[in-house]
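For reference, the structure is listed below as C-alpha cells.
No value in this document is a laboratory result; all are computed from the given coordinates. Treat the numbers as computed from the prediction; the structure is a model and nothing was measured. A quick note on method: Cβ atoms are made from the backbone with ideal geometry, for glycine too, and the neighbour counts reach across all protein chains shown.
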Protein chains: 2
Amino acid sequence: MREPAFHDMHDSAGRGYVVAIGGGEDKLGDMEILRRFAKLCGGKRARIAILPTASQLDDTGHKYAKLFRELDVREAYTVVFETRADGDRKDLLEELERADGVFLTGGNQLRLSTTLGGTPVDSALRHMCAAGRHVAGTSAGAAYLCEHMIAYGEEGATPRAGSVQVVAGLGLTRRVIIDQHFRQRDRIGRLLTALAYNPYPIGLGLDEDTAAFISPDNVVEVEGSGLLTVVDAHDVEVDSIAEAEKGALVSLTNVRLHLLPRGGTYNLLTREAVAAAKV
Amino acid sequence: MREPAFHDMHDSAGRGYVVAIGGGEDKLGDMEILRRFAKLCGGKRARIAILPTASQLDDTGHKYAKLFRELDVREAYTVVFETRADGDRKDLLEELERADGVFLTGGNQLRLSTTLGGTPVDSALRHMCAAGRHVAGTSAGAAYLCEHMIAYGEEGATPRAGSVQVVAGLGLTRRVIIDQHFRQRDRIGRLLTALAYNPYPIGLGLDEDTAAFISPDNVVEVEGSGLLTVVDAHDVEVDSIAEAEKGALVSLTNVRLHLLPRGGTYNLLTREAVAAAKV
C-alpha cells in the first residue's frame, strides 16, 4: 500500500476532520463533543472504532463504545493494539479500516507512539484520514494526532529551555502542536517552550471538556465548555532558546495569543481568529 | 504562495535531493562530497546559495562560497538571514530562490529553527526542494533538514529516557532522523533514544566527512570517508520508553543496524541496505 502524501495543512483537500479534545470531556450530560464527533462520522450510519492503546485500563475502550452507542451510532467497537506485534495483525487492521471515524482514548501518548509508530497501524490511520475519514483523540490521544507530539514536560506558565519533550507523533498535520488539560495543569509554559524551539507550528492548548475540530479546509472550530488557547509565534522577533542553558528562562517577543470559547474559529492558513458572536 | 504538500518520502516524485553531511567534510583534498553536490546542482551551470544562519562566525558562508567556486560552479554566494525579520526581506528571498542548490552550513541547529521557522524562508526551502532544487546541510545544517530535528542530547552508546531533545525541523522529509559527528561524538545512544520515542523514522547517523545523498526516489547513497549508520526500529518488539523514568535505561529488542561506507545504498521504502561491491 502506498503511503499518502503527508498532509501539510496547506494541502489537505479531501482529508477528514482531525479532532483534538483536551481530556475530561462530558460523558454524563449532553456529551456535546462526543455527540458532534458522532454526527460528523455519519450519526446513525456511523461506524466508530475506538483505539484504547494509550490506556492501561482494560475497560477504557468499552466505556467509550458504550457512550457512542448511547449517541445512537450504527456501530461502536474497540480495536485493541496492545503490542507492536498486534500492529501486523490483518484481522485488527481490517476492523480499523472499516470505520468511518476513529477515536483514540487518553492514557499515555508514548504508549501510542511506541506501540503504533512504524507499524501498519500508523500508516493506516494516515491513509484513512487522507481519504476523508475522521480521527479524534482525547488527552493523550489528542497529543498524538499531530506530527510533533508533546510527550511530557513541566507545569507552569514560564517557558524554560528543556522544559518540554517533543517527539514524533502520528503526523495527521504538521501545522499545529496540541497540548491538553491546558488550564487545569497550567501548561502554557511548556507549549511556549515547544514553539520557541521552532515557531513554525501553531500551538493549540485545549482545556478539559474542550475540543478543536480541525476542518479539511484548515479552520479550527471550538466546541465544549472551556477555552482553546491558540499560540501563534510566527511574528516572534526575539527568541533566545538557541543560546539558553537547560532550565534558563526563554525570551520571546511578539507572541500572539487567542483565547476562544465554543463557537470561536481560527483559520490556520490566514492565522485569523474569530470569536463567536454569542457564547 | 501556496505551501506544497509535505513530502513524505513515499510521495516525493519531482523532489530534489536532500543531502545530509556529518560535518568535517574534506575541504583541502578532493572535496568528494562538496564536488558531488556541485555536480548534482549542474556543475559549471550551478548557482549555489549558502545559508550561514547556523553559524555565529562571520566568514563561514564566504569560506563555502570560495570552496564551491574552486569547484567551478557558475555562481556561489551567501544569503544571510541573521534575524527573523530578515526572513521577510524580499531581496534576500529572491537571492535564495534563484539558486539551483542550497547549502546550509554548520553551527547550532537551533539557530536555524529559531531564526527561519515560520518565516517565508522555511516555506521557500520546502517549495524549492519540492520543485526539484537540491538542499544540502552539514553538521547543524544536516540535523535541520528533516522533520524531526535532534536539537541536543547526551553522548554515549546507551539509550536513556530523556537523553535527547527532538524538536520540529525544516521538514524536507519525515522519513528519517539525522544525526551527525556520529562516531566522533559517540551518538548512537541518543539516536536510539529518539527512535524509541517513536520508531517510525529511520535513523541516519553520519560520521564526519560522510554524506547521505537522499534521492527523489528515496534511495540513500553514501559518499565520503566514514560510515553511514542506518538504524531501523520498525521491527522492534519491546520498547520500554513509555514507562521509563527520566535517565532510566531503555529496553529495545530487534533494532536493525546497517553500517555502510561510500558506495553503499539504503532504500527507505523497502528498508533494504546494499553495501558497495568495492570500497
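The table for this structure:
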{"quantity": "Gyration tensor (alpha-carbon) shape descriptor, chain B, a/c threshold 1.5", "calculated": "prolate"}
{"quantity": "Whether the protein assembly as shown is rounded, prolate or oblate, judged on the alpha carbon gyration tensor where a/c under 1.5 counts as rounded", "calculated": "prolate"}
{"quantity": "Per-residue Cβ neighbour rank within 10 angstrom, fewest leading, A:Asp235, B:Asp58", "calculated": "B:Asp58, A:Asp235"}
{"quantity": "Helix axis angle, A:120-130 relative to chain A longest principal axis, alpha carbon, degrees", "calculated": "80 degrees"}
{"quantity": "Ascending list, in nanometres, of distances separating the B:Val80 label from those of the other copies (7 Å, Cα toward Cβ)", "calculated": "6.3"}
{"quantity": "Other copies of B:Gly263: label-to-label distances in nm, shortest first, labels 7 Å along the beta-carbon direction", "calculated": "7.1"}
{"quantity": "Cross-link partners of B:Lys27 among aspartates and glutamates (Cα-Cα below 16 Å; sequence separation of 8 or more within a chain)", "calculated": "B:Asp59, B:Glu70, B:Asp72, B:Asp207, B:Glu208, B:Asp209, B:Glu223"}
{"quantity": "Order by protection proxy (mean Cβ within 10 Å, highest first), peptides B:170-179, B:28-37", "calculated": "B:170-179, B:28-37"}
{"quantity": "Virtual spin-label span in nm between B:Val219 and B:Glu70, 7 Å along Cα→Cβ", "calculated": "3.1 nm"}
{"quantity": "Tensor-based shape of the stretch B:84-139 (alpha-carbon gyration tensor, a/c under 1.5 rounded, otherwise prolate or oblate)", "calculated": "oblate"}
{"quantity": "Among B:Ala76, B:Ala211, B:Ala143, residue whose mean-square fluctuation peaks in a GNM of chain B (springs only between Cα atoms under 10 Å)", "calculated": "B:Ala76"}
{"quantity": "Neighbour-count ranking [beta-carbon atoms within 10 angstrom, fewest first] of A:Glu70, A:Glu221", "calculated": "A:Glu70, A:Glu221"}
{"quantity": "Tilt relative to chain A, helix A:60-70 - C-alpha long axis, 0 to 90 degrees, to 10", "calculated": "70 degrees"}
{"quantity": "Per-residue Cβ neighbour rank within 10 angstrom, fewest leading, A:Ser215, B:Ser55", "calculated": "A:Ser215, B:Ser55"}
{"quantity": "Relative contact order (%) - criterion: Cα under 8 Å, at least six apart; region: chain B", "calculated": "20 percent"}
{"quantity": "Point-to-point label distance, A:Gln56-A:Asn267, nm (Cα→Cβ direction, 7 Å offset)", "calculated": "4.6 nm"}
{"quantity": "Computed [θ] at 222 nm, helices only, for chain A once each DSSP H run of length n ≥ 4 contributes -39500 (n - 2.57)", "calculated": "-6500 deg cm²/dmol"}
{"quantity": "Most mobile of A:Ala130, A:Ala99, A:Ala13 in a GNM of chain A (Cα contacts under 10 Å)", "calculated": "A:Ala13"}
{"quantity": "C-alpha long axis of helix A:188-197 to longest principal axis of chain A, angle in °", "calculated": "80 degrees"}
{"quantity": "15 Å beta-carbon shell around A:Arg47, net charge (K/R +1, D/E -1)", "calculated": "+1"}
